[in-house]
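The block underneath contains the structure these notes are about, expressed in structure tokens.
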Amino acid sequence: MSGKPAITIKGTKEGLVFLLDDQCDLALLLDELQAKLDKHEQQLTGPMVHVAVKLGARKLGDEDKERIRSAIRRQGNFLVQSVESDEAVDESSDAKPVLQTRTGIVRSGQTVEHDGHLLLMGDVNPGGTIVCTGDIYIMGALRGTAHAGCAGNENAIIAASLMTPTQLRIAEVISRPPEEWASAEPTMEYAFLRNGVMELDKLTHLQSSRKEVMHFKGV
């Protein structure tokens, strides 16, 4: 091995990030991880600390990921939130976010979460919630809460056939009060961000705010 450390620990506002060398033998990596934690045991005590583990290009199964989690959890105040490999990006690919279609009613107390774009064929009742990393399209009444772009995507939108939500949220921008969004328009509308402020428009005008036409494959 070179002089490069197999494990680098960085602090973030969320906690700590463990960067693991993806070229190092896993057994040696685990040994160094344990040695590093033992060496700094006195310095790593205190309140609960959230830890994210980055594996680089290394791909591990659930059993090996759990070995890493167990080693870190021995440091009693460390809470391992994720153990992830870097996602390979194929720049030649024309991959688009997936649009998932669901049918039914989101009732009070229910929360629907989705990674990507979501098309709901149904209503969201008061007290119901939809949370997506992408866009939300509701072919029905939105009377509950919808949070689009929950991972920070400020370009996400929320569209509904009847827009009377309890709360709308795009990225970190929250709309209040609800009466601002009560609409009697007979056409489908969408909420979007413009210069950090949430606005409402007819869905037929979406192309004017998005230069590229969206194409999705439903699943």
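The shape of the range 7-84 can be summarised by an equivalent ellipsoid whose semi-axes, obtained from the alpha carbon gyration tensor, come to 19, 14, 12 Å from longest to shortest. The label-point distance for THR204 and THR164, in a model that sets each label 7 Å from Cα toward Cβ, rounds to 2.3 nm. With r as the distance between the Cβ atoms of ASN77 and THR101 and R0 = 41 Å, compute the FRET efficiency 1/(1 + (r/R0)^6) and round to 0.05. After rounding to 0.05, the efficiency reads 0.40. Descending by average beta-carbon neighbour count within 10 Å, the peptides 126-137, 57-68, 107-118 line up as 126-137, 107-118, 57-68, the highest first. Extending 7 Å from the Cα toward the beta-carbon at both ASP31 and THR187 defines two label points whose distance is 6.9 nm.
Work through the residues other than ALA71 whose Cβ is under 12 Å from its Cβ and net out their charges, Lys, Arg +1 and Asp, Glu -1. Charge balance in the 12 Å sphere: +1. Each peptide in 157-164, 7-14 receives the mean, over its residues, of other Cβ atoms within 10 Å, and ordering these scores from highest gives 157-164, 7-14.
Coordinate-derived values only; no laboratory data. Note that the structure is predicted; figures quoted are calculated from it, not measured. Reconstructed Cβ throughout: ideal geometry from the backbone, glycine too, with neighbour counts over all protein chains shown.
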